[in-house]
Amino acid sequence: MKHLLFRFGVYAALLAAAFFTPYVIVSGPARLLAITALLYALLATSWNLTIGFGGIFNFAHVGFFGLGGYAMAVSTVSWEWNPWWGLLFGGLTGAAAAAVAFLPALRMRGIYVALVTFIFVQLCFYLVLAVPGLTGGSNGLPGVPGLALGDFRLSDAGGLGYLWLTAFAVVALVIVLRHVIRSPFGQSLIALRDNEQLAISRGINRIRQQLLSFVLSGSIAGIAGALYVSFFRVADTTLFSFGFVTLGLSMIFLGGTGHIWGPVLGAIVVTFVDRSLTGLGAWQLIIIGAGTVLVMIFLPKGLAGLVDTSVRALARQVRRRRPPSAPPTIPTAPTVTSPGSRIDHARI
């Protein structure tokens, strides 16, 4: 019961933090940076489902992200859909792209999966260039309408609505993925990651479970791409660039692959560091990449692992400093003897 109350208390605290975020971050540039970090957090957290918990090292997630963004742009600009329907279409496009990307990786392992999925991202890039009448080609597709609720546009007041939406989306994603990982489906993914042969021998269907993880994470990445394009109001081929791959992987490994909230922490740190290094040109990604490598060497569990270890050590210190409580006294039952066995101690 205490564990259940603690869990709901944590959930309530996260939702409250999401609600009060716009009241803490009030300036326009700070809100822009915060929204960007939260959009990256959606991408990194969904990516971590296949990399961290599924053990499938793939680059295709950037393709899901970019296709979701272009689905949002094409459906709202060319087909004049409502932006909310475009957001849903972006998620469905990401899920469909994930199912297609998984097919070549059915019989592959390790580095071959990474190579095939990287090729998939390049195919998405050339697909966009191949239909310039629909996607705008190398010029991109500007004029994407922003999301709105009635007369209130989410981009008003320095992106107030987008900050609320992305903050609640990140909190909801962390909560949902926590339950997914603790479910039999999530435990089967971890079993396949840790010992595939043993998991298969216990009746776990590898293809089905990994395909479902791809589709689920791809749909979330597609929604993140659609939100990204809706906020910045343009879709272009930089969505498939290697820079997104580098940033996304840096966020995951810096934050920690073994924690659901690790990529969120990594996304916030990398986004702020990336913005502070904007004037360094090519050195920007070099510094972020080198820092990520150092973290992987000296902190293999990432920043989230460091925080988790520190909190546990602090909790142990607190428990040790507590005064020991007196052990409870156990009342002893009186000895009952029969009259015939009673001993007269006065005669002895």
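The values are calculated or read from the model by the stated rules, or taken from the named source; none is laboratory data. The structure presented is a predicted model; accordingly, all values stated were derived computationally and were not measured. Note that each Cβ is placed from the backbone with ideal geometry, even for glycine, and that neighbours are counted across all protein chains shown. Ligands, DNA and RNA are excluded from the accessible area calculation, which covers all protein heavy atoms including side chains. Shrake-Rupley method; radii C 1.70, N 1.55, O 1.52, S 1.80 Å.
Data table
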item	result
Taking all pairs of distinct alpha-carbon atoms in the range 142-293, Kirkwood radius in angstrom	17.9
Percent of alpha-carbon pairs separated by more than 18 Å within the range 1-158	70
The chain: angle of helix 184-194 to the longest principal axis, Cα-based, in degrees nearest 10	80
Size of charge dipole - the chain - debye, nearest 20, with Cβ of Lys, Arg +1 and Asp, Glu -1, no other charges	1680
Debye intensity ratio in log₁₀ form over the Cα atoms of the chain, taken at each q of 0.07, 0.10, 0.11, 0.14 Å⁻¹	-0.36, -0.65, -0.77, -1.21
Value of [θ]222 nm, deg cm²/dmol, for the chain, DSSP H segments ≥ 4, -39500 (n - 2.57) each, nearest 500	-23000 deg cm²/dmol
Taking the chain and dividing mean pair separation by its residue count, relative contact order in percent (alpha carbons under 8 Å, at least six apart)	28
Within the range 208-247, backbone nitrogen closer than 16 Å to the virtual label 7 Å beyond the Cα of Ala114 toward Cβ	242-243, 245-247
Separation in nanometres of the label points that stand 7 Å from Cα toward Cβ, at Arg321 and Ser183	4.2
Carbon + sulfur, % of accessible area of the chain - ligands and nucleic acids excluded, 1.4 Å	69
Geometric extent, Cα atoms of the range 75-186 - Rg, Dmax (angstrom)	18.1, 51
Per-q log10 I(q)/I(0), the range 127-215, q = 0.12, 0.18, 0.20 Å⁻¹ (Debye; single scatterer per alpha-carbon; no solvent)	-0.72, -0.85, -0.90
Candidate residues Tyr23, Tyr11: accessible-area rank, largest first, probe 1.4 Å	Tyr23, Tyr11
Of Val176, Leu103, Leu88, farthest towards positive along the dipole that unit charges on Lys, Arg, Asp, Glu beta carbons give the range 56-184	Leu103
Charge dipole (the range 36-188, unit charges on Cβ, about Cα centre) - positive-most of Gly52, Thr36, Met72	Gly52
Helix axis angle, 61-73 relative to the chain longest principal axis, alpha carbon, degrees	50
Rounded to 10°, Cα long-axis angle of helix 28-48 versus longest principal axis of the chain	70
